[in-house]
Amino acid sequence: MFDQTLYVQVPATLANLGSGFDALGVALDLYLEVSAQPATRDQLHYTGQGHVPNTPDNLIHQGYRAAWQALGEAHPPHLAIWAHNPIPLARGMGSSSAALVAGAALADALSGGRLGLDGVFRVTAALEGHPDNVGPAVYGGFVAALADPPLALPLPAPQGVCFVLGVPAYEVPTPLARAALPQRIPYADAVYNLARSALWPAALYSGRLEALREAAKDRLHQPYRAHLMPGLEAALERVYQAGALAAFVGGAGPTLAALARPEQIEAIRQAMQAYVGEGSTLVLGLGEGLRWKAASVPSH
C-alpha cells in the first residue's frame, strides 16, 4: 500500500467552441482539486459546487477504476478522496470530465506513470464520450480532439485574452441537450460547420483572432438547443456588439462563453446580465492541463 498523499488538479473546460461540435475545446483556469490517501475502502469527501454523495460510484472513483482496468489491474488500491470542486455542475463547463480525468490521473500516479498523459486521455475519452472536454482537461489550453481513434492535439494559445462566462442559475443536463439534437442535418449545414471549425486552428496559428467571430458560428447544435436556454440568441448578439472576439455555448450549456480582450470585459459582462439572470458571470484565463504530485501522508 502506498504511504503518500496524492494531489491532482484538473481544469474546467468549454467544449465545441461553437462550430467544432465534439471536436474542439479549451481549458479554463478554474480547477477541481483532489487529494487521495490509502484507505481500507473507497471514500469520497466532497465540497464545492452542488451536491455529490459520498459513494464509491462517484465519477472520480469511476475514472480511477477505469484507468486501472486499462492497465490490466482488476483490484486497485482503495482510496479515500477529498475533492473540492469550484466548477459549476451541469452548466457546460466540463465538471464531469474533470472528475473522470482526476480519477485516471490518480491511477496513473500510483502506477508509476504507466499511462502517461496520452493514456489518461484515451481512458477518459472512451469513458466520457466527449473528447473535446477531456482533451483540454488533460493537456490544457485549446485542443482539437476525437475519440475514435483517440487523438488530441494542442493548438496555440493566444496571448492577452480571457473568457467572460455567463453562468445561469439553472442546469441543462447533457442527456436533455443531446436529446434535442436531430438525427439528420442538412448537407449545407454540415459544410457550413466544417468550414468554420477549420477556421479555429487557422486563426489561432496565424494570430488572426478577428476570424474567430466567424469560426464560432454554428448550425449543428446551438440552434436546436436554444429553447433550453431562454434568451440565448439575443445574448449572443449583445456580446458581439460589446466587442467579443468569439461567443458560443459552453458544451451542452447553458453557460455562454465570450473570448475577450481585457478592455472588453466589463461591457461583455453587462451584455450578459439579462441572460444570466440570478446566475453569475466569471472572468477566467486559459487553463493548464492536469497536474499531480505526491507528498508524505499528513493527518486529516
query: Restricted to the stretch 86-101, and to residues that are in a loop (DSSP other than H, G, I, E, B) and hydrophobic (A, V, I, L, M, F, W, C), which residue is surrounded by the fewest Cβ atoms within 10 Å (Cβ to Cβ)?
result: L89
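In the stretch 46-85, what residues are in a loop (DSSP other than H, G, I, E, B) and in contact (Cβ under 8 Å) with a residue 60 or more places away in the chain? Give the derivation first.
Keep residues of the stretch 46-85 that are in a loop (DSSP other than H, G, I, E, B), which gives 49-58, 71-78.
Matches in the stretch 46-85: P77 only.
Residues in the stretch 105-119 that are of a type outside the set (S, T, Y), over 12 Å from R291 (Cα atoms) and in contact (Cβ under 8 Å) with a residue 40 or more places away in the chain: how many?
Step one: of the stretch 105-119, the residues of a type outside the set (S, T, Y) are 105-110, 112-119.
Next, only the ones that are over 12 Å from R291 (Cα atoms) stay: 107, 110, 112-115, 118-119.
Then keep just the ones that are in contact (Cβ under 8 Å) with a residue 40 or more places away in the chain; that gives 107, 110, 114-115, 119.
Qualifying residue count for the region: 5.
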- request: Can you tell me which residue within the stretch 20-39, out of those that are in contact with a strand residue (DSSP E or B) (Cβ under 8 Å, 6 or more places away or on another chain) and assigned to a loop (DSSP other than H, G, I, E, B), is nearest to H61 (Cα to Cα)?
  value: A39
task: Provide a single number: the residues in the stretch 169-187 that are among the small types (G, A, S) and within 18 Å of the chain's Cα centre (by Cα).
output: 1
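Read-outs: derived from the displayed coordinates by stated rules, not from any lab. Keep in mind the model is a prediction, meaning the values are calculated, not measured. Cβ: placed from backbone, ideal geometry, glycine included. Neighbour counts: every protein chain shown.
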